[in-house]
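This report concerns only the one structure given below.
The values are calculated or read from the model by the stated rules, or taken from the named source; none is laboratory data. Since the structure is predicted, the reported quantities are computational estimates derived from the model, not experimental observations. Using ideal geometry, Cβ is built from the backbone for each residue, glycine included, and neighbour counts are taken over all protein chains shown. Please note that ligands, DNA and RNA were not included when accessible areas were found on the heavy atoms of the full protein model with its side chains. Shrake-Rupley method; radii C 1.70, N 1.55, O 1.52, S 1.80 Å.
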Amino acid sequence: MLTRSWSEWLPIRRLGRSLICDRFYAEKADGRLKGVGAEAQIISPEIYASTDQNKFVAVIAEKDEAGNPYQPTFYKSRIHIDLSDADTYGRNFEQLLRWAYDKPLHVKPDLGKAPAFLEEAPGPSLHTSVVAQRAVSAIRNQKDYADGAVIEYFDRFTENLEEFRIAPDSQTGYDDEIVENIDQFLPYRNEAIEIVLTLSRYAGKKNLGPTLHSFVERLLPYFYRPTNDVGWQEFHASNYEFIIHELFLYFIAALLKYGHFDAAAHLFDHRYYVANRDRNDQMVSYREIRQYIEAFEHRKNRLKLNRLSLRADTLIDRCQGVGINQAQLLQSDFVVFIRAALDAGDDHYRHWWPETLLYTFRQRGPFELFARAERAEAFRKLQPLLGLAGLSIDDAKKRIADYFDLIRQGQVQLPRWEVNGFNPAELMNFAKLATA
């Protein structure tokens, strides 16, 4: 115990609502004895009822043999300042003075302006935040249940995507509703991208292809008419067509970023089963993931927007804060485009329209993936991604050259946006592939 005279403690008693706590005070307060007991009866209800934890403070004048401060039972676990130790007395006494005069050393900053979305009416929700955080934590910490946590997240995501369905009675101003719906989905898009990026980063040599293929396969039915929905029209799926196409580009980008070329190839090599497709063929290719969305053209014309592609603008504007940069997004779109082109040959109906490649005017030289593929070893790793697995390097390059011949002969037309286009041979570094 640090011995001090009453005259030394008296100024402290006068500082705000402080309790000078030693063994005798604690015993009398707990036993409701004499003046201390009366004080305890007055103070304790106020302490329990108060939400302000700073209204009272206990000044610790003595500790027991175990080093625990003597405090009344009604005050335990509340704020206290320890003046029982000579070594820390000066610093803690300053803390007491600052408390008494409301002059804290560290001032809590003012709360900033609330994000705009908090002021708006709540929109649709996937209710996936908790399971997403659990999955990310499990992946990063290599938990045994990580695979199950990821599957649980994908299950919740695909089931609750129904919450974003546009009502069948929506007819007027439908492009506004579609754009708003896509904007509301942004937090869940970011969440899904984080899951796939985390999987790609920590998966090691594990093949992620089947896991992501299953996830994408469960998304595709949202493109088509729901069961028994007689009022459904194709534009009611426009939001899903944008959302799922965007997710697919980011999934490919994440796999490429961390070198999972076999997993990306798996998404191209295996078709997808869609039960509610109104056609005989219920197995579809990855090329079905990019659908034409008339709503963007309608919106551009209705608002007289001088833009080459409102859809491309939207994809680029949303490419921020998710661990995939714009160059990686464009590279992903180009990889899907060149894979589809090599698969299709001169069949125009089997090509992939690369929405974002309108923005290749910002690209200087080839994409990173193909710049690195000037080394033969790196090019070999890319061959399955391009549908050229099992071929020699010379035969693989000849397949690519044959496609460029079709372009030169006019049998294949490259995508263009008025006068804007791109040079696939330059973007894929064709002249230098596997030369080192």
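Residues to consider are Tyr272, Tyr224, Tyr250, Tyr240; find the one that is open to solvent by 10 Å² or more (accessible area, probe 1.4 Å) and in contact with a helix residue (DSSP H, G or I) (Cβ under 8 Å, 6 or more places away or on another chain). The unique qualifying residue is Tyr224.
Would you call Ala114 at pLDDT below 75, over 19 Å from Leu212 (Cα atoms) and surrounded by 16 or more Cβ atoms within 10 Å (Cβ to Cβ)? Against the criterion (at pLDDT below 75, over 19 Å from Leu212 (Cα atoms) and surrounded by 16 or more Cβ atoms within 10 Å (Cβ to Cβ)), Ala114 does not qualify.
Taking every residue in the stretch 424-436 that is over 17 Å from Asp395 (Cβ atoms) and pairing it with any residue that is open to solvent by 20 Å² or more (accessible area, probe 1.4 Å), at least 6 positions away or on another chain, the pairs with Cβ-Cβ distances below 6 Å are Leu427/Pro366; Asn429/Pro366; Asn429/Ala371; Lys432/Glu374; Ala436/Glu374; Ala436/Arg375. Take the conditions closer than 22 Å to Gly259 by Cβ, open to solvent by 30 Å² or more (accessible area, probe 1.4 Å) and not charged (D, E, K, R) and apply them to Ala389. Does it pass? Yes. Beta carbons closer than 6 Å, at least 6 apart along the sequence or on distinct chains, pair a first residue in the stretch 361-387 that is without any contact (Cβ under 8 Å) to a residue 40 or more places away in the chain with a second that is surrounded by fewer than 16 Cβ atoms within 10 Å (Cβ to Cβ) and not basic (Lys, Arg) for Gln383/Ala389.
Tell me whether the stretch 342-351 contains one or more residues that are in contact with a His (Cβ under 6 Å, 6 or more places away or on another chain) and open to solvent by less than 70 Å² (accessible area, probe 1.4 Å). Yes, the stretch 342-351 contains a residue that is in contact with a His (Cβ under 6 Å, 6 or more places away or on another chain) and open to solvent by less than 70 Å² (accessible area, probe 1.4 Å).
Taking the listed residues Asn207, Asn190, the one that is at pLDDT 95 or above, of a type outside the set (Val, Ile, Thr), open to solvent by 30 Å² or more (accessible area, probe 1.4 Å) and within 23 Å of the chain's Cα centre (by Cα) is Asn190, with no other qualifying.
Determine whether Leu305 is of a type in the set (A, V, I, L, M) and either more than 25 Å from Tyr224 (Cα to Cα) or within 22 Å of the chain's Cα centre (by Cα) (or both).
Values: of a type in the set (A, V, I, L, M): yes; either more than 25 Å from Tyr224 (Cα to Cα) or within 22 Å of the chain's Cα centre (by Cα) (or both): yes.
Yes: the conditions hold for Leu305.
Only residues that are within 15 Å of Arg339 (Cβ to Cβ) and out of contact with any Leu (no Cβ under 8 Å at 6 or more places or on another chain) were counted across the stretch 364-384, and they come to 2.
With the structure loaded, tell me whether Glu374 is exposed (fewer than 11 other Cβ atoms within 10 Å of the Cβ), more than 32 Å from the chain's Cα centre (by Cα) and not hydroxyl-bearing (Ser, Thr, Tyr) or whether it fails that test. Outline the logic, then answer.
Details: exposed (fewer than 11 other Cβ atoms within 10 Å of the Cβ): no; more than 32 Å from the chain's Cα centre (by Cα): yes; not hydroxyl-bearing (Ser, Thr, Tyr): yes.
Spelling it out, it is not the case that Glu374 is exposed (fewer than 11 other Cβ atoms within 10 Å of the Cβ), more than 32 Å from the chain's Cα centre (by Cα) and not hydroxyl-bearing (Ser, Thr, Tyr).
The condition of being among the charged types (D, E, K, R), within 27 Å of Ala138 (Cβ to Cβ) and out of contact with any Leu (no Cβ under 9 Å at 6 or more places or on another chain) holds for only one of Arg201, Arg189, that being Arg201. Only residues that are open to solvent by less than 50 Å² (accessible area, probe 1.4 Å) and not aliphatic (A, V, I, L, M): list them for the stretch 411-425, please. Hits for the stretch 411-425 are Pro415, Trp417, Gly421, Phe422, Pro424. Taking the criterion of being over 12 Å from Leu256 (Cβ atoms) and of a type in the set (Phe, Trp, Tyr), the residues of the stretch 361-381 that qualify are Phe361, Phe379.
Hydrophobic (A, V, I, L, M, F, W, C), within 29 Å of the chain's Cα centre (by Cα) and buried (at least 22 other Cβ atoms within 10 Å of the Cβ): does that describe Leu310? Give the steps one after another, and end with the answer.
On the way: hydrophobic (A, V, I, L, M, F, W, C): yes; within 29 Å of the chain's Cα centre (by Cα): yes; buried (at least 22 other Cβ atoms within 10 Å of the Cβ): no.
No: the conditions fail for Leu310.
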